[in-house]
Amino acid sequence: MNLAASLLGACERHPEAEAFPGITYDELLPRVRRIAGGLGVDPGDRVALVFDNRLETPLLYWACQWAGAVAVPLSWRLSEDELAYCVKDCGAALVLREDDALPDGAEHPGAIDRDERETSLLLYTSGTTGRPKGVPDV
């Protein structure tokens, strides 16, 4: 089961449960689907997310999963040079930063059938022995 299908299952099993503070699973799925629809990316595209710890971060993460894109969370504390390196290195099709409005579009149908072995997340190491390195995860 891929992460989009996992999210759908959680929303169907626990619609009234709180997914995030003030947002139930029943409210989460349509919101994630609209954000995913507004991303304008294709399955497998990398989406760099440069946010601090706030609600937009997991919403965008789940929107990437729903769209079949690869979420690339990057620290908002990176210097512009470090950020530019990571964005270029990962081949980001889209970069979203904390001052950007959340994308909003028609509800995306979801990448429910995406192969669960495909990369869905790319995390960067701290770069203590050189440049940060992207580590893929499924």
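Please treat every number below as a calculation from the coordinates, not as lab data. Keep in mind that what you see is a predicted model, and the values were worked out from it rather than measured. Note: ideal-geometry Cβ built from the backbone for every residue, glycine included; neighbour counts use all protein chains shown.
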> Could you give the distance between the Cα centres of the range 8-56 and the range 61-138, to the whole Å?
Replying inline: 15 Å
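Please list 58-67, 129-138 highest first by mean number of surrounding beta-carbon atoms within 10 Å per residue.
Going from most to least packed, we get 58-67, 129-138.
Evaluate the charge dipole of the chain about its Cα centre and quote only its size in Debye, nearest 20, assuming +1 on the Cβ of each Lys and Arg and -1 on the Cβ of each Asp and Glu. Before the final figure, lay out the partial values.
On the way: 13 positive and 23 negative charges, 65 e Å.
It works out to roughly 320 debye.
For the range 39-138, rounded, prolate or oblate, judged on the Cα gyration tensor with a ≥ b ≥ c (square roots of eigenvalues), a/c < 1.5 rounded, else prolate if a/b > b/c? Could the numbers behind the result be given before it?
Working: a/c = 2.13, a/b = 1.37, b/c = 1.56.
Oblate shape, in that a/c is at least 1.5 and b/c is the bigger or equal ratio.
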> How much mean residue ellipticity at 222 nm does the chain get from its helices, if each DSSP H run of length 4 or more adds -39500 (n - 2.57) and you divide by all residues, to the nearest 500 deg cm²/dmol?
Replying inline: -11000 deg cm²/dmol
>> Amide H of residue 70 versus every other amide H placed in the peptide plane: which residues, excluding those fewer than 5 positions away on the same chain, fall under 5 Å?
In response: 44, 45, 46, 47
> Relative contact order (percent) for the chain, with alpha-carbon contacts under 8 angstrom and 6 or more residues of separation?
Replying inline: 30 percent
>> Taking the Cα centre as origin and putting +1 on Lys and Arg beta-carbons and -1 on Asp and Glu beta-carbons, what dipole magnitude results for the range 1-74, to the nearest 20 debye?
In response: 140 debye
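Using DSSP to call loops (not H, G, I, E or B), can you name the trypsin sites (Lys or Arg not before Pro) in the range 1-104 whose Cβ has at most 16 other Cβ atoms within 10 angstrom?
Listed in order of number, the matching sites are 54, 77.
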> Any idea what angle helix 3-13 forms with the longest principal axis of the chain, computed on alpha-carbon atoms, 0 to 90 degrees, nearest 10?
Replying inline: 30 degrees
> Of 50, 102, 85, which is farthest along the charge dipole of the chain in the positive direction, counting Lys and Arg as +1 and Asp and Glu as -1 at C-beta?
Replying inline: 85
>> With θ taken as phi - 60° and the coefficients 6.51, -1.76 and 1.60, list the Karplus ³J(HN,Hα) couplings across the range 116-131 in order, rounded to whole Hz; mark glycine and proline as x.
In response: 5, 8, 6, 4, 10, 8, 10, 9, 9, 6, 6, x, 5, 10, x, 6
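Report the antiparallel proportion of the DSSP beta bridges in the range 37-138 as a percent, rounded to a multiple of 5.
In the range 37-138, approximately 25 percent of DSSP beta bridges are antiparallel ones.
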